[in-house]
1. For region 53-92, give me the residue count where each residue is farther than 19 Å from residue 15 by Cβ and buried (at least 21 other Cβ atoms within 10 Å of the Cβ).
2. Please go through region 175-184 and pick out each residue that is surrounded by fewer than 15 Cβ atoms within 10 Å (Cβ to Cβ) and in contact with a helix residue (DSSP H, G or I) (Cβ under 9 Å, 6 or more places away or on another chain).
3. State whether one or more residues within region 131-149 are buried (at least 19 other Cβ atoms within 10 Å of the Cβ), in contact with a helix residue (DSSP H, G or I) (Cβ under 6 Å, 6 or more places away or on another chain) and not in a helix (DSSP H, G or I).
4. Kindly establish whether residue 107 is assigned to a helix (DSSP H, G or I) and either free of Cβ contacts under 8 Å to residues at least 12 places away in the same chain or within 20 Å of residue 187 (Cβ to Cβ) (or both).
5. Quick one: which residue in 37, 102 is under 30 Å from residue 202 (Cα atoms) and in contact (Cβ under 8 Å) with a residue 24 or more places away in the chain?
6. Is it fair to say residue 118 is part of a helix (DSSP H, G or I) and under 17 Å from residue 177 (Cα atoms)?
């Protein structure tokens, strides 16, 4: 096993031997970017050591110097892709929300969560599908979704006094779970999986209205 390297994958328990030189750091990031692209374009079936090497224009040694096997590489690529998404999470903790009316605050929070799925749909589709048979991806995905839920809840708790439920925090968390689960299904299986297909904008407005009606 390699030395855990949080900066290579975003988590402390990721067994990656970190590159020390600029040239090897650049090669490793090409590998990670290539892995994300392969997942986005072909899912887990397209993710092979040979395919990553070809797309990143590196020799296999550039990978095996960093990780021991395909599984470790896949988890590093997974965390690299998730890090791109998490870099956008701070929008839910932005000062621009400070003076929003409550109904607009709810709408804005729902739209931001949906936006994460829209912008990263190809990557999320691949990792959601593999998580059903990959316990480690499932575990990591659950942790990341909990973090997003905490941010969503913290934002809407600013309007705690306007939430029409005895326990505002529980109500907000239920709202997030419903929205998040719906977005996961739509992203992984398409807009017609659970109901009649609707375009993205109509679907989003339905989510916003559902959240506003339930919470307010």
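No lab work stands behind these numbers, since they all come straight from the coordinates. Keep in mind that this is a model prediction, so the values were computed, not measured. Every residue, glycine among them, receives a Cβ derived from its backbone with ideal geometry; neighbour counts consider all protein chains shown.
1. Here the count works out to 1.
2. 177, 178
3. no
4. Numbers: assigned to a helix (DSSP H, G or I): yes; either free of Cβ contacts under 8 Å to residues at least 12 places away in the same chain or within 20 Å of residue 187 (Cβ to Cβ) (or both): no.
When the stated conditions are applied, residue 107 does not pass them.
5. Details: 37 fails: in contact (Cβ under 8 Å) with a residue 24 or more places away in the chain.
Only one candidate qualifies: 102.
6. On the way: part of a helix (DSSP H, G or I): yes; under 17 Å from residue 177 (Cα atoms): no.
No.
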